[in-house]
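Structure, as structure tokens:
The values are calculated or read from the model by the stated rules, or taken from the named source; none is laboratory data. Owing to the predicted nature of the structure, the values given are computational and were not obtained by experimental measurement. With ideal geometry, Cβ positions are generated from the backbone for all residues, glycine too; neighbour counts draw on all protein chains shown.
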């Protein structure tokens, strides 16, 4: 162990006080910075991925261009189908406000989650939204990871998931983006999005 005393100790303490990483892990700081840098931003195009999209007669595979190209889409993401906030508040808000969103120029509404097409299809049927909301099954989290909005829900036994957010996408480009903090449900609702489009 190196023992410092006198002037040497004072210099070491002064140096430590100037460090921006005092009290925090350097690796965690760098990881946070990297995460912020890779998260999609307003003005960015959506990455090209494939979604499995359930419908009343089965699922089909659609690309980002198929879903978002040449139109204005309100997209919202939930951590999991059938989970309480997602089923009681988030998805119903877009179902209830669909006509108002379309009156503001939204041509389609889509929901994505890191669930397979069978779960997303069952959820759409349970919520009665087939024909109103396009369900984008992101089973492996490819889309969530590509836009930097994936989240680790392992402590809840759910593994890789998507953060909760909403966005407006015009011809494949993000024009509005609202990402929730932690377990909150505030800025990703249809009501909040409508306020931004007024």
Just the residues that are farther than 15 Å from residue 57 by Cα and either part of a helix (DSSP H, G or I) or over 15 Å from the mean Cα position of the chain (by Cα) (or both), please, taken from segment 110-125.
116
Just the residues that are exposed (fewer than 15 other Cβ atoms within 10 Å of the Cβ) and at negative phi, please, taken from segment 64-83.
65, 66, 69, 71
When you go through 53, 42 one by one, which is the residue that is surrounded by 13 or more Cβ atoms within 10 Å (Cβ to Cβ) and in contact (Cβ under 8 Å) with a residue 12 or more places away in the chain?
53
Just give me the residues in segment 98-113 being buried (at least 16 other Cβ atoms within 10 Å of the Cβ), in contact (Cβ under 8 Å) with a residue 60 or more places away in the chain and over 13 Å from residue 190 (Cβ atoms), in sequence order.
112
Give the residues of segment 136-151 that are more than 16 Å from residue 165 (Cβ to Cβ) and either at pLDDT below 95 or in contact with a helix residue (DSSP H, G or I) (Cβ under 7 Å, 6 or more places away or on another chain) (or both), sorted by residue number.
137, 139, 140
So in segment 84-97, with the set limited to residues that are assigned to a helix (DSSP H, G or I) and touching a helix residue (DSSP H, G or I) at 6+ places or on another chain (Cβ under 8 Å), which one is surrounded by the most Cβ atoms within 10 Å (Cβ to Cβ)?
94
